[in-house]
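Working notes for the structure below.
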Amino acid sequence: MNKNMTLRLIPALLAVAFSGAASASGFQLLGEQSASTLGNAGAGSAAVAENASTIFYNPAGMTQLRDREVSFGGTLVKTNFEFNNNGSVIPGVLGAAGDGGNGGNLGFVPNAYMSWALNKDWYVGLGIGAPFGLKTDYDQPWKGGAQSDKFDLKTININPSIAWRATEWMSLGAGVSWQKVDAKYVRAAAALPTNLAARPPVISSGYAGSTVTLDLDDSAWGWNVGALFNIGTATKVGVSYRSTIKYETTGNIGIGGDGTPITAATAAGLVASGRASDASASIKMPDTFILSATHQLTNQWELLGDISWTGWSSIPKVDIMRTSGPLNGQEAQVLDTEFRDAWRFAVGANYKIDDAWKIRMGLAYDQTPVKGASTRLTSLPDNNRVWFSAGFQWKPSKESALDVGAAYLYLQDADINNNQLAQGRGWVKGSYDDSAWLLGAQYSMAF
């Protein structure tokens, strides 16, 4: 692969939809940023600095790379969210509805990275990925449809970075992120009152053949920093921090009387009739801190560890406000997430068979930001999870490597007891059988 061909990969990847289902807790995407990291369940992510994907986990790691390196790949994510009803109380017209089938889906998350050495101590790089994503989509009609039929959140993150080798044992790095988010939320809705003045600020749910559709998007800036320490010849310790990013999303919300989601073509007429309006919502994506270490135990064995913290309490709730029409300035709906901060712990090991082959393995415990059954959302039926990961690396030459990683995520049964009767959206009671599979591939090359 020549340099010009490599450079053309970036716009090609930008054309791919950055969507998928969350694999880390909440709707965070961590393992999807690198197949080599996926094979170790994320262990050592801020310390390994094995290829250009270090730009995402710890930009200081670029000082461990060669003069020019590229790395690109993608991860398939298959989630399973199967609801088991246990006494849900729902709007009457949904009484005969089912349990929603499998609300999970198959998603694809691509990534790409490039790093350049300006001289022996200064490096610059560029990373492109999707740090957050979520999609749930239930068979309709189902018992929880008044709370959520479909939720689809996509992000794209473009992250230019710089690294400096301050001493032989310490490197520092920093970057800025331009991040874009698109969110779509669809649920069952009630018919609107004929008298606009009598219309409640929150659209009640429960009438067959109607859906409320919310579309929002925005872009914003964030930053990240990191440090890498070489302790002797066998041990590396990395620390990194990725900032919060606050979005002021805008879009539209409307109700379709025939059950058809709102589109740009139909929005104008619905606004004129009072059935749709512009909308906005503020959301602050969480910050993340990572502490990692690697230790070369023998010529063949390498041990890895990772502790990370994510500040999910930055999203206590999401207020969706109307910004036009007869109900301008009124609240359309509140998503009561009540998220808590969450921790993640990972350990892993690499076994080098020879100069061409390496085997990876990893285990992780990932805490959910969901506090409990009463605040668990049908759009995010998340719970604590354990990662079982494995992978391999094949190096056909000294300048190139192919990494393949896979993980099975075992989630505890997620009880739900979400009472939204007062808002007309029913009371969803039961539990979810959750699980996920991830399969990633990544090609890296130095030139």
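Just a few scattered comments:
- Förster radius 45 Å - calculated FRET efficiency between R68 and Q412 (Cβ-Cβ, nearest 0.05): 0.50
- Among L153, Y241, N85 the positive-end extreme of the charge dipole of the range 3-446 (Cβ point charges): Y241
- Size descriptor, Kirkwood hydrodynamic radius, that averages inverse alpha-carbon separations across the range 3-446, Å: 22.7
- Using the Cα coordinates of the range 35-126, the gyration tensor eigenvalues translate into equivalent-ellipsoid semi-axes of 46, 12, 11 Å, sorted from longest to shortest.
- The Cβ shell under 13 Å around M321 holds other residues with a net charge of -2, Lys and Arg each +1, Asp and Glu each -1.
- Rounded Å value of the spacing that divides the Cα centres of the range 288-341 and the range 347-394: 17
- Amide N proximity, the range 399-422 versus V89 label position 7 Å along Cα-to-Cβ, cut-off under 15 Å: 417-422
- Point-charge dipole on Cβ atoms (K/R +1, D/E -1) for the range 3-446, about Cα centre, debye to 20: 420
- Gyration tensor verdict on the range 34-76 (Cα atoms; rounded if a/c is under 1.5, prolate if a/b is larger than b/c, oblate otherwise): oblate
- Pairwise FRET efficiency - D121 versus S282, Cβ, R0 = 41 Å, nearest 0.05: 0.50
- FRET E, pair I307, L106, Förster distance 30 Å, beta-carbon r, rounded to 0.05: 0.45
- Working from label points 7 Å from Cα in the Cα-to-Cβ sense, the A373 to D217 distance is 4.0 nm.
- Summing +1 for each Lys or Arg and -1 for each Asp or Glu among the other residues whose beta-carbon sits under 13 angstrom from that of W309 gives -1.
- Residue order, fewest to most surrounding Cβ atoms within 10 angstrom, among V109, V239: V239, V109
- Mean Cβ neighbour count within 10 Å, used as a protection proxy, ranking 145-154, 75-84 highest first: 145-154, 75-84
- Within the range 367-391, backbone nitrogen closer than 19 Å to the virtual label 7 Å beyond the Cα of F289 toward Cβ: 367-369
- Look at the dipole of the range 385-447 built from charges on Cβ: of Y443, A422, Y432, the Cα furthest out on the positive end belongs to Y443.
- Counting only residues at least eight positions apart within a chain, or on another chain, the lysines with an alpha carbon under 22 Å from that of K358 are K236, K395, K398.
Read-outs throughout are calculated quantities, based only on the coordinates presented, and are distinct from any laboratory measurement. Computed from a predicted structure; not experimentally measured. As a convention, Cβ positions derive from the backbone with ideal geometry for all residues, glycine included, and neighbour counts pool all protein chains shown.
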